[in-house]
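Scroll down for the structure; my scribbles are underneath it.
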Amino acid sequence: MAASMRLLFRRVIRLSHRNVNVTAAGAPGRPAGCWEPPSCRCFSEAAGDRSTHFGFETVPETEKAKRVYKVFENVAQKYDTMNDAMSLGVHRLWKDTLLHVMHPQPGVRLLDVAGGTGDIAFRFLEYVRFQQERQKRRAARSMQAPSWQDISNNYSTEEEDGPQESRAVVCDINKEMLRVGKQKADGLGISAGLSWVVGDAEELPFDDDQFDIYTIAFGIRNVTHIDQVTGCIVTTASLMLRCFYEDRSFIFPGLYDAYSFQMIPVLGEVIAGDWKSYQYLVESIRKFPDQEEFKGMIEDAGFYSVKYYNLTGGVVALHSGFKL
């Protein structure tokens, strides 16, 4: 084990030295012709041909969707392993925090968009089951010495309401990511209340009022029209979004940039055999709106009580809001 770890470390160092020139003129990885600050999305409408960013590249909108699909098709098998490697396992704590802020109760319906390999949905169902068992234990304690009125009321409630069942729908445009997610669910023995749907975040294939909670995690960075994603949620629902951000904190000055551009692509090459996909993922973080700007976009889409929580010094943030 120690020998294999030393071999992996040597390979990382060798690749890092070979590809250390990932920055240019003080703008990390930014290509010539696109010198806008990180908040700029490089959108244009020349001759009716709209373009957008793909990392630091400017590409036609139609091409971005194809490229993003290819990225996640390539990394699907190693996606979870890379999440552990890139975040040193901290992404698990971020996801747990998401569930605690969400605090779903039995009967709640979740739509997890760009849900990929199902981590959020799995945690959601586990959290709801825990809440259901907790409620049953409380009810059992309260019924240890019930009156006839208590028994009658409890019987009437069960007859009218019936058992509440939560459900989670994982919606992702990438079939390979969903396939990996299904394999994980089968391995974990998770099937009840869980569905997998191929769908586009910008054109959700669902009717109104089907869900109580809408979540989208890091996948929000990969859509072409962010405002369209938040605007398409027309149901009465709560919204939970989680995303990486460019480091603007005083906790990790410069360290986050150095790690992102010089180590994450190297890890992608070593673990997933794909440097370019993880170079894109790092660049896409820099092109995403900052926390305040994104908060405003969510409010413009009609959500209320929008707020966000910075995690790990602002490297990741969790946004939440409600639509009535």
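The values are calculated or read from the model by the stated rules, or taken from the named source; none is laboratory data. Bear in mind that the values here come from a model prediction, so they are computed numbers and not experimental data. Ideal geometry is used to build each Cβ from the backbone, glycine not excepted, and the neighbour counts take in all protein chains shown. Surface areas here come from the heavy atoms of the whole protein model, side chains and all, with no ligands, DNA or RNA. Shrake-Rupley method; radii C 1.70, N 1.55, O 1.52, S 1.80 Å.
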message: Regarding segment 162-181, can at least one residue be identified that is under 16 Å from the mean Cα position of the chain (by Cα), of a type in the set (Lys, Arg) and either at pLDDT below 85 or in a helix (DSSP H, G or I) (or both)?
response: no
- request: Would you be able to tell me the number of residues in segment 269-324 that are under 30 Å from Asp208 (Cβ atoms) and part of a loop (DSSP other than H, G, I, E, B)?
  value: 6
field: Members of segment 100-124 that are part of a helix (DSSP H, G or I), out of contact with any Gly (no Cβ under 7 Å at 6 or more places or on another chain) and either touching a residue at least 40 places away in the same chain (Cβ under 8 Å) or within 25 Å of Asp208 (Cβ to Cβ) (or both)
entry: Val101, Met102, Ile120, Phe122, Phe124
- request: Spot the failing condition for Thr58; the list is (1) open to solvent by 30 Å² or more (accessible area, probe 1.4 Å); (2) part of a helix (DSSP H, G or I), and only one is missed.
  value: (2)
field: All positions within segment 72-103 that are basic (Lys, Arg) and more than 14 Å from the chain's Cα centre (by Cα)
entry: Lys78
